[in-house]
Amino acid sequence: MDFQYRKPEFQDGVLDFRRFVLLVTHQFSDRIRFVSELELEHAFVEGQVDAGELELEQAYLDFLLSRAFNVRAGILLIPVGILNERHEPPVYYGVERSMVDTFLIPTTWFEVGAGIHGEVGRGLRYRVYAVSPLNAALFTVEEGLREGRQKGSETNAGRVAATGRLEYLGIRGLTTGVSFWTGKSGFEFRPTFDVPVHLIEADARYTRRGLELRAQFVEIKVSNAAQLNDALTQRVGVDPNIGERMRGALLEASHRFFSSRRLGEVGAFVRYDKANTQAAMPPGALPLGQFDRDAIVVGATYWPEPDIAVKVDYVFGRNRSTVVQAPNSFNIGLGWWF
Amino acid sequence: MRNNNTPTREQQGPQRRLRSLTRLALALGSGLAVAVAVAVASQEPPPAPPTAQTVDVLAERFSFSPSEIKTTVGTTLQIRLESDDTSHGFRIIGTDVNIEIPKRGRGTTTVTFNAEKAGRYTFECSQLCGAGHSFMRGVIIVSDARPAGAR
């Protein structure tokens, strides 16, 4: 659950019940489990109106065969990055998710598919899934891949995408991982051309005695971006300026400096967050400075209980444009998880 | 001609008995020594007292760290469990171990597992803690050989 007050600079504040999540699970046996997550975004859904969304973010059967080899099928969370598979407000600092986890890794990213997962040795985990691809016709320069998610709704599966993650949790407090996603996403333009998209990601998270450090890097290659831009220009009359490469990174340091069994915990954080959806352009196209964005976010979180987080932060937004200014914003959030 | 130093028949009797007794004693002593040596050599070492091993395990959504615990037969394994977020469960499948791990900041809980038989024992979170709950699994590997570094 995620309830927010957001106040961008020069605009009125917004109160928003951002996410309401229901988790339904069933254990058929020790080896077969069903997991689902139904999420209502922005509290209200109405047909044909850009209001809220009701999303089935997860709904899968897990066949637990052995520690090293298990099979999963249904609507799956894409195993990319730190946040996508573990995205509830109490586990991350900041009212809003980072730009890296919004525009480059479009959290919460879920698709229909099937795959295998398991763990070997002292904490080496893997997940490999075949899933429905993105829809390149819906990529935007503002939000990168985000609008291209098919979300398991009558998805085109003419070409199947592959995604996976390898992570190591063998050292107490440290989680490191690498992820990938690759798929041909131009099904609306075939057979004229296709749009292969490749994403690679690396991350690390270290926690010790209240100190937490996070680092994440993402690089995306959109092949045939020039043809995609031409085709979309013909379709809508405006050049969408999709970049050939998108790139982003974040660094975050935080510390829980107050801890009391009765009163809870308080932590503060600082984050550097950078997302450039036009890191490289197709030949002949020029990048626009407002899409080379970064931000410094400072804030604090109070946990009266480990599963409840009261958050406050201030975002110093920046971009490379001399015309379009990136607004700063002040945000308050209340999130919980049960 | 008789040598006067030669013992008479009466004198030879006790000496012969003495030699016989000496030989018998030596034979018995040797036999006993061999028997003791054989017995000592073939004797099993006395059973070692059960060893104890303590492992700290951190639970968080959605992992146990470490997720693999190695021990040997005869070891009493003490697993100290602590959560870094919400409350979790800890169940060793096939045993009666099933305990709640308190929330972050509410202390630790300890379970005792007697490694009586070699094998792999899967443990898992037994309290629904989120959509990645199924990832929270690990294994205790009980082997006959003593692992390096075991206390």
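The values are calculated or read from the model by the stated rules, or taken from the named source; none is laboratory data. Model, not experiment: these values are computed from the prediction. Positions of Cβ are generated from backbone atoms using ideal geometry, with glycine treated the same way; all protein chains shown enter the neighbour counts.
Things to note:
- Consider region A:273-324 and keep the residues that are of a type in the set (Gly, Ala, Ser) and surrounded by fewer than 21 Cβ atoms within 10 Å (Cβ to Cβ). The one that is farthest from residue A:91 (Cα to Cα) is A:284.
- Within region A:257-268, being surrounded by fewer than 20 Cβ atoms within 10 Å (Cβ to Cβ) and touching a residue at least 12 places away in the same chain (Cβ under 8 Å) holds for A:257, A:259, A:263, A:264, A:266, A:268.
- Failed item in (1) among the hydroxyl-bearing types (Ser, Thr, Tyr); (2) under 16 Å from residue B:135 (Cα atoms); (3) more than 10 Å from chain B (Cβ to nearest Cβ), with residue A:5 passing the rest: (2)
Per-residue answers, yes or no, for (1) among the charged types (D, E, K, R); (2) surrounded by fewer than 20 Cβ atoms within 10 Å (Cβ to Cβ); (3) under 22 Å from residue A:71 (Cβ atoms):
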residue: A:122; (1), (2), (3): yes, yes, no
residue: A:130; (1), (2), (3): no, yes, yes
residue: A:137; (1), (2), (3): no, yes, no
residue: A:153; (1), (2), (3): no, yes, no
residue: A:189; (1), (2), (3): no, yes, no
residue: A:203; (1), (2), (3): yes, no, no
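- Residue satisfying all of: in region A:86-100; under 20 Å from residue A:327 (Cβ atoms) and in contact (Cβ under 8 Å) with a residue 60 or more places away in the chain; surrounded by the fewest Cβ atoms within 10 Å (Cβ to Cβ) among these: A:96
- Just one of the listed residues (A:55, A:46) is within 17 Å of the chain's Cα centre (by Cα) and either on the phi < 0 side of the Ramachandran plot or more than 12 Å from chain B (Cβ to nearest Cβ) (or both), and it is A:55.
- Selection status of residue A:284, away from chain B (no Cβ under 14 Å), without any contact (Cβ under 8 Å) to a residue 12 or more places away in the chain, on the phi > 0 side of the Ramachandran plot and over 25 Å from the mean Cα position of the chain (by Cα): no
- Only listed residue being small (Gly, Ala, Ser) and within 30 Å of residue B:68 (Cα to Cα), chosen from A:249, A:215: A:215
- Annotation: residue A:209 fulfils all but one of (1) closer than 23 Å to residue B:84 by Cα; (2) charged (D, E, K, R); (3) at pLDDT 95 or above; the unmet one is (3).
- Residue match in region A:22-42 (condition: over 23 Å from residue A:92 (Cβ atoms) and under 24 Å from the mean Cα position of the chain (by Cα)): yes
- Matching residues in region A:146-191 - criterion: being more than 21 Å from the chain's Cα centre (by Cα) and closer than 20 Å to residue A:104 by Cβ: A:186
- Members of region A:2-35 found to be aromatic (Phe, Trp, Tyr) and over 18 Å from residue A:333 (Cβ atoms), listed by number: A:10, A:28, A:34
- Residue in region A:21-38 that is away from chain B (no Cβ under 14 Å), loosely packed, with under 13 Cβ neighbours inside 10 Å, free of Cβ contacts under 8 Å to residues at least 24 places away in the same chain and assigned to a strand (DSSP E or B) present: no
- Subset of region A:293-316 (residues that are within 14 Å of another protein chain (Cβ to nearest Cβ) and in contact with an Asp or Glu (Cβ under 7 Å, 6 or more places away or on another chain)): A:303, A:306
- When A:187, A:139, A:180 are screened for being touching a helix residue (DSSP H, G or I) at 6+ places or on another chain (Cβ under 9 Å), modelled with pLDDT of 95 or more and over 21 Å from residue A:56 (Cβ atoms), only A:139 passes.
- Any hit, region A:76-85, residues being crowded, with 19+ Cβ neighbours inside 10 Å, farther than 23 Å from residue A:270 by Cα and of a type outside the set (A, V, I, L, M, F, W, C): yes
- Scanning region A:192-201 for residues that are buried (at least 19 other Cβ atoms within 10 Å of the Cβ) and under 15 Å from the mean Cα position of the chain (by Cα) yields A:199, A:201.
- Of the residues making up region A:39-82, those that are closer than 30 Å to residue B:140 by Cβ, touching a Gly at 6+ places or on another chain (Cβ under 8 Å), of a type in the set (A, V, I, L, M) and assigned to a loop (DSSP other than H, G, I, E, B) are A:68, A:82.
- Filter pass, residue A:278 being over 18 Å from residue A:320 (Cβ atoms) and either more than 14 Å from chain B (Cβ to nearest Cβ) or of a type in the set (Lys, Arg) (or both): no
- Only one of the numbered conditions (1) part of a loop (DSSP other than H, G, I, E, B); (2) within 23 Å of residue A:110 (Cα to Cα); (3) of a type outside the set (S, T, N, Q) is violated by residue A:217, and that is (1).
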